[in-house]
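Heads up: the structure comes next, in structure tokens.
Since every read-out is calculated from the coordinates, none of them should be taken as a lab result. Since we're looking at a predicted model, the values are computed, not measured. Heads up, the Cβs are rebuilt from the backbone with ideal geometry, glycines too, and the neighbour counts pull from every protein chain shown.
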Amino acid sequence: MSDPPPIVQFRAVNKHYGAGPPVLDRISLDVAAGEFVSLIGPSGCGKSTLLRLVSALSPVTSGALSVDGATPEQAREHLAFVFQEATLLPWLTAAGNVELPLRLRGVPAAERRVRAAELLALVRLRAAAELYPRQLSGGMKMRVSIARALSREPRILLLDEPFAALDEITRNHLNEELLGWREKAPFTALFVTHSVAEAVFLSNRILVMAAGPGRLHAGVPVDFPYPREATLRERPEYFAKVAEVSRLLHTAEEDRAA
Amino acid sequence: MKRRAWIVWLPPVLSGAFLIALWYAGRAATGLQSWILPTPGEIFQAAWNEHATLLRAAGGTAVGALGGFLVAALAGLAIALVLGGARWLRTGLYPWLLVVQMTPVIVVAPIIVLWAGPGLPGIITVTFLISFFPIVVNTTQGLLSAEAPMVDLFRMYGATRWQELQLLRLPSAMPYFLAGLRIAATLAPIGAIFGEYLVGNASGGTGGLGFLVYVYNTQIKIPALFATALTSCLLGFIFVAAVSWLNWALLHHWHDSFERHDR
């Protein structure tokens, strides 16, 4: 039996903005359906750009990129994006924000409301449905933002440092919950982060990138089985993996200096 | 919060009392006549004597001011939507808006009478010309103020241009539009009075405050002239209060300018 085709496939992809220096240099990468892949690397290594290419917010300069067996543009329908900021519309309630992608798709109001209520229950914000973003904490806003992304029932979820602005305790909780939501609504994840610990906890594969120009430095499989418990963070093999990735991140930075 | 409520009303009452005292002292010190510098008491007396005339005139002015204000609000929004559409529209049209704004209304008053006609149409035109510009500038800025990640999100989730306008750009522009309306609300009564003074009497007058200025001045009824000024101020306050209420009603649920600090 042959492997299913990758859901995201980069073949020698280059990216320049205008006449500037290359941002991404000959990226070749396969992501299998159902994977949770984290991208980690120094600032300027192009990891956010990589997500923008997959989401068709920005076109590749050369090379081939296929998403869900089609062009990024065509695959958009099955894709959702979570930004570093919650990017909620301040004039809509939490429920209104969760409904937004459905509204853009023309889903009838009654159906939207039911769906938003389910998703808010999933992210444990049922009681906050009628609150406006400014009444929510940073962690709550991010839950709404993820619920909004999940309302699209995405096959691929792109996350660009979604928890970077949160304190460590909130971030740990959200990491655990994110894996839980994934059990209920499976998606392939491409996750950009600056936190080695977070990447190890969440991913089944970590891609370490180097900067100037952005390229893949190393790939690290993370074999801890899902579902993962918070206690994983206390185990020696977890620490060993964090140390391994940290070391690779260090050599990635030296790679630039060379 | 409650125990500091005095801070809202006491300072303006004190400053008002101080100004009135200063006024009386100035009158006593200079020995000026009532028809040059009437005292506040004489002004209120004149206001009382003329109250029927003043109220009728204020009503006439309110109609012109409201008409001009509504035209300015609608036309201002429409012009802003055009300007917000593309950069070439902004560079192409903005200079001509500035030309309209920079041309003193008094210079074009005869043309306004010629084109719009004397009386109410002319007054509404003058009010519009004086108050539309801040609405256009603020609203255009607001339409362009939607944050880049939000715009990305709308694009990525397949929003049509109409959806982007309706669900993102217009709500983003709302606080800016209301800020423009607040400035316009202070200008509209001034515009209407100016309009009545300029073009209102071309047909024998509409009886507005601007026309009263002309009448009282000719009759050298100086305390009544001051009373007319006072009435104009009150009309202005009503306009500003109405727009402030609208601003509150539309924004207080979500906008940061209504942030409560007691959470």
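Counting only Cβ charges, +1 for Lys and Arg and -1 for Asp and Glu, the dipole size of segment B:39-250 around its Cα centre is about 360 debye. When the Cα gyration tensor is reduced to axis lengths a ≥ b ≥ c, the ratio a/c is 1.5 or higher for chain B, and with a/b not above b/c it is classed as oblate.
Each of B:SER232, A:TYR132, B:VAL213 was placed along the dipole of the protein assembly as shown (beta-carbon charges, centred on the mean Cα), and the one lying farthest toward the positive end is B:VAL213. Would you mind telling me the antiparallel percentage of the DSSP bridges in the protein assembly as shown, rounded to 5? So the antiparallel bridges amount to about 50 percent of the total.
Starting from segment A:71-154, pick out the GluC sites (Glu not before Pro) whose DSSP state is loop and whose Cβ has at most 14 other Cβ atoms within 10 Å.
Numbers: sites: A:GLU73, A:GLU77, A:GLU85, A:GLU99, A:GLU111, A:GLU118, A:GLU130; in loops: A:GLU85, A:GLU130.
Here the sparse-neighbourhood loop sites are A:GLU130.
Shape class of the protein assembly as shown from the alpha-carbon gyration tensor: prolate, with a/c at 1.5 or above and a/b greater than b/c. Summarising the amide proton neighbourhood of A:GLY214: residues at separation of 5 or more, or on other chains, whose placed amide H is nearer than 5 Å comprise A:LEU24, A:ASP25.
Taking Cα centre as origin and charging only the Cβ of basic (Lys, Arg, +1) and acidic (Asp, Glu, -1) residues, the dipole magnitude of segment A:18-75 rounds to 200 debye.
Residues in segment B:127-168, backbone N under 16 Å from the label point at A:GLU73 (7 Å along the Cα-to-beta-carbon vector): list them, ranges by number please. Output list for this probe position: B:155-159.
Residue by residue, segment A:105-112 carries 3J(HN,Hα) couplings of 8, x, 5, x, 4, 4, 5, 4 Hz when phi is fed to the Karplus relation 6.51 cos²θ - 1.76 cosθ + 1.60 (θ = phi - 60°); x denotes Gly or Pro. Karplus-derived 3J(HN,Hα) values for segment A:232-238, using 6.51 cos²θ - 1.76 cosθ + 1.60 with θ = phi - 60°, are 3, 5, 9, 8, x, 5, 5 Hz; glycine and proline are entered as x. Residues whose amide H comes within less than 5 Å of that of A:PHE81, counting only those at least five positions distant or on another chain, are A:LEU158 (H built at 1.01 Å from N in the peptide plane).
Placing unit charges on each Cβ (+1 for Lys and Arg, -1 for Asp and Glu) gives the protein assembly as shown a dipole about its Cα centre, and among A:MET209, A:ILE146, B:GLN141 the Cα reaching farthest toward its positive end belongs to B:GLN141.
When only alpha carbons of segment A:8-257 are considered, Rg and Dmax amount to 18.2, 57 Å.
Evaluating 6.51 cos²θ - 1.76 cosθ + 1.60 at θ = phi - 60° for every residue in segment A:132-140, the Karplus couplings come out as 8, x, 5, 8, 9, 6, x, x, 5 Hz, glycine and proline recorded as x.
Hey, got a sec? Which chymotrypsin sites (Phe, Trp or Tyr not before Pro) in segment A:2-107 land in a DSSP loop and have at most 11 other Cβ atoms within 10 Å? Those that pass, being in a loop and sparsely packed, are A:TYR17. Loop-located chymotrypsin sites (Phe, Trp or Tyr not before Pro) in segment A:144-232 (DSSP state not H, G, I, E or B) with no more than 16 neighbouring Cβ atoms inside 10 Å do not occur.
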